[in-house]
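Written below as structure tokens is the structure these notes are about.
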Amino acid sequence: MNHLSDELLNEYLDNALSNRASVEEHLAQCMDCAARLTALQTLFAEIESLPEVTLSRDLAAPVMLKIKGASLSPRWLTLTIVLQTALALIAIIITAPLVKQFAASSVSVLQPPSLTEVFIRLQSQWVLWLDMLSQLRMPVMPEIPIIEVSSLYFLLTLAGVSMVWLVGNGLLLRNQIKQ
Amino acid sequence: MDAPLDRELILRARRGDHEAYGELVMRHQTSVFNVCYRILQERSEAEDMAQETFIRAHSRLESFDLERAFGPWIRRVAANVCLNQLESHRITVELDDEHDADENQRPEATYEARERNEQIRRALASLPLNYRAVIELRHYQEMSYDEIALELKIPLSDVKSNLFRARKLLAEKLK
């Protein structure tokens, strides 16, 4: 009688055989193969009964810390990007009439202004702004002329937008460097 | 009050509840660490890899099938992480004295049982990486031959022969 091969016994115990009946039939008649199967079963049991070793440190705290850290920066970055976009839109809305006005006045001039003309124009604009600012009164609501409030609002908003834009870019850049 | 099921904790963790994921880690950290320890055979590295397993698993939590049990899934992730780690570093594992002096096993185990367990650990650690991998996946992760072949990206015939040879070597060492 031919004995069962070790490979076949392995596959039998691993439930990887389609025809288990023929193996079982042989095992019922062959003491030698049955003994080899028992030895293999004992080995399986020994491997699988290996007790668990306990951890020397708790993993929950460091894992949570890492996860929190990983999820914090993208949220910050997303917020920054959203804020930057919103402020950019606000800046465009505020400055659009001025840009339009400036563009309209520039188009009428066929020849480009000389450097001196640009300098004089900027200077007069600057003087105008300073004059407007000097006339700015403390906020007694009914007395505030609309144009003065707009100018202040305009300047403060632009300063705010620039600030947030710069800080936001700094954050984005820092994140890129980290990666 | 009953402890929440793994499924509930996963759902909460998906919504950004870090405490819920921390609870999951606490529940499964020992079994995950043991997978890493059996494969890597080095306590400190096994703990690091167990931690890495939970971090990676967190990023894959959205794709986790809630109909499946979390335990077997996270242990498979752990096996995968450790096998990749071994593969990338090609660590030649040699058992150090830590195994003999491991005091973290069950205190009620008898001296003989502890000795036998130590012998099994040493025998497992002495196996080549490809043999250790199939033993881990078949005996501890209870994967089928097909699943092992898929996991290790090797032919089915290699799974069978590696398992057969690994067990033969183990039997010889444990005589």
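A few comments on the model shown:
- Restricting attention to the stretch B:159-175, the residues that are more than 9 Å from every other protein chain (Cβ to nearest Cβ) and either under 20 Å from B:TYR37 (Cα atoms) or in contact (Cβ under 8 Å) with a residue 24 or more places away in the chain (or both) total 6.
- Among (1) more than 11 Å from every other protein chain (Cβ to nearest Cβ); (2) open to solvent by less than 40 Å² (accessible area, probe 1.4 Å) - the single one B:PHE33 does not satisfy: (1)
- Looking across the stretch A:15-32 at every residue that is within 22 Å of B:LYS160 (Cα to Cα) and among the polar types (S, T, N, Q), the one that is most open to solvent (accessible area, probe 1.4 Å) is identified as A:SER18.
- Residue count for the stretch B:53-93 under the criterion of being within 14 Å of chain A (Cβ to nearest Cβ) and in a helix (DSSP H, G or I): the result is 15.
- For the residues B:LEU170, B:LEU137, the requirement of being of a type in the set (A, V, I, L, M, F, W, C), within 14 Å of the chain's Cα centre (by Cα) and open to solvent by less than 30 Å² (accessible area, probe 1.4 Å) singles out B:LEU137.
- Unique match (being open to solvent by less than 70 Å² (accessible area, probe 1.4 Å) and closer than 30 Å to B:TYR131 by Cβ) among B:HIS28, B:HIS18: B:HIS28
Residues checked against (1) in a helix (DSSP H, G or I); (2) open to solvent by 80 Å² or more (accessible area, probe 1.4 Å); (3) within 8 Å of another protein chain (Cβ to nearest Cβ); (4) not hydroxyl-bearing (Ser, Thr, Tyr):
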site	(1), (2), (3), (4)
A:ALA34	yes, no, no, yes
A:GLN41	yes, yes, no, yes
A:GLU46	yes, no, yes, yes
A:LEU65	yes, yes, no, yes
A:LEU79	yes, yes, no, yes
A:ILE92	yes, yes, no, yes
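- Identity of the residue in the stretch B:122-158, closer than 15 Å to B:ARG38 by Cβ and not in a helix (DSSP H, G or I), that ends up farthest from the other protein chains (Cβ to nearest Cβ): B:PRO128
- Residues that are open to solvent by 40 Å² or more (accessible area, probe 1.4 Å), within 7 Å of chain B (Cβ to nearest Cβ) and outside any loop (DSSP other than H, G, I, E, B), drawn from the stretch A:48-61: A:GLU48
- Checking A:SER71 against (1) closer than 22 Å to A:SER162 by Cα; (2) at pLDDT below 75; (3) surrounded by 11 or more Cβ atoms within 10 Å (Cβ to Cβ), the condition it does not meet: (1)
- Members of the stretch A:6-26 found to be facing chain B (nearest Cβ under 7 Å) and of a type in the set (A, V, I, L, M), listed by number: A:ALA16
The values are calculated or read from the model by the stated rules, or taken from the named source; none is laboratory data. Note that the structure is predicted; figures quoted are calculated from it, not measured. Don't worry about glycine lacking a Cβ; one is built from the backbone with ideal geometry, like all the others, and counts go over all protein chains shown. Areas reflect the complete protein model, heavy atoms only, side chains present, ligands, DNA and RNA absent. Shrake-Rupley method; radii C 1.70, N 1.55, O 1.52, S 1.80 Å.
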